[in-house]
Amino acid sequence: MQHGPTATTFPVLGVHVATALEPVRSAGTTAFKLCGHVLRDVQVTGVVTSVGTPGNMVTAHVDDGSGHAVLTVRWVTGEARRLADTAFRDAACVPKLGDLVRVTGTLREYRGERQVSVTHWETMTDPNEECLDRLLAVQAYAHLAALPPPLSAWAERVGARVTALARTVPGTSQRGVTYAQAWDDAGVRELLAVAGSDDPPEFVLSDTLHALVAAGYLALACPRRGLFVLPTAGAKR
């Protein structure tokens, strides 16, 4: 069954799929991160440069001109597979070489090759749409690259602990905590002990506090004092 792209679909270029994605393997499954952010459903637009129909699959390489064609894989029903060749190609919507297509699906990796498991396939006739989709992919990547990477669950625990330590800063209406106060807290020390980093814990705490600043959990008010304050209402990302 096919359905259209969702609001969570991220437009990518072939070069992103081939070189920029970072595989994250866990419990026998592989997810992919781009600029530290997990991508699930992606969209690729380009020209079909190869077509195959092995078994109950329709495979095609889609080339968007970025230097790397993307392998797409679409499963078809057994009923369609049992049809004669021409009828099968019509029923399974097998593309032709040179077709301009927009493909939506989930990133996968099989035998070391990255591919898109297709959920939606659309043949286009207007080449301007390819240009617009390519521009959208470039802009989306630039936007993602400008964002701070999401915090890990461990860093969020540190953030919750540090936030709980915050007290009103004398002479202001803001609540804050210094690096020294965080370092002296037993709860923070316990978290640092399980950070799993080879760096000294003092460096890990400093890096984590600055990551919390980048994520909007804290704001650096006075570098000389190592003072971090809680953001005002509406300032947190």
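Every number here is computed from the coordinates shown, using simple stated rules; none is lab data. What you are looking at is a predicted structure, and each value in this text was computed from that prediction instead of being measured. So basically every Cβ, Gly included, is an ideal-geometry build from the backbone, and we count neighbours across all protein chains shown.
Name the most mobile residue of Asp63, Asp99, Asp199, meaning the one with the largest mean-square fluctuation, in a Gaussian network model of the chain with Cα contacts below 10 Å.
Among Asp63, Asp99, Asp199, the largest mean-square fluctuation in the Gaussian network model of the chain belongs to Asp199.
Zone of Ser152 (label point 7 Å along Cα→Cβ, backbone N under 11 Å): which residues in the range 194-226?
The answer is 194-199, 208, whose backbone nitrogens lie closer than 11 Å to the label point.
How do the peptides 112-118, 145-151 rank, highest first, by the average count of neighbouring beta carbon atoms within 10 Å per residue? Kindly include the intermediate steps, with their values, before the conclusion.
On the way: 112-118: 15.7, 145-151: 13.1.
The packing order, highest mean first, is 112-118, 145-151.
Arranged from highest to lowest average of other beta-carbon atoms within 10 Å per residue, in what order do the peptides 164-171, 53-60, 9-16 appear?
9-16, 53-60, 164-171
Which FRET efficiency value, to the nearest 0.05, do you get for Ala20 and Ser50 by plugging their Cβ-Cβ distance into 1/(1 + (r/R0)^6) with R0 = 22 Å?
0.45
I need the peptides 137-144, 126-133 ranked by packing, meaning the mean over residues of other C-beta atoms within 10 angstrom, with the highest value on top.
Those peptides, ordered most packed to least, come out 137-144, 126-133.
How much length is gained on full extension from Asp126 to Gln174, taking 0.36 nm per residue of separation minus their Cα-Cα distance? The partial results should precede the final answer.
On the way: separation 48, 0.36 × 48 = 17.28 nm, distance 5.57 nm.
Length gained, Asp126 through Gln174: 11.7 nm.
Skipping prolines and chain starts, which residues have an amide H placed within reach, meaning under 5 Å, of the one on Gln174, given they are 5 or more residues away or on another chain?
Excluding prolines and chain starts, which carry no amide H, the hits are Val169.
When the convex hull of the Cα atoms of the chain is projected onto a plane and the area is averaged over all directions, what value comes out in nm²? Numbers along the way, then the final one.
Working: hull surface 68.7 nm².
About 17.2 nm², averaged over all directions.
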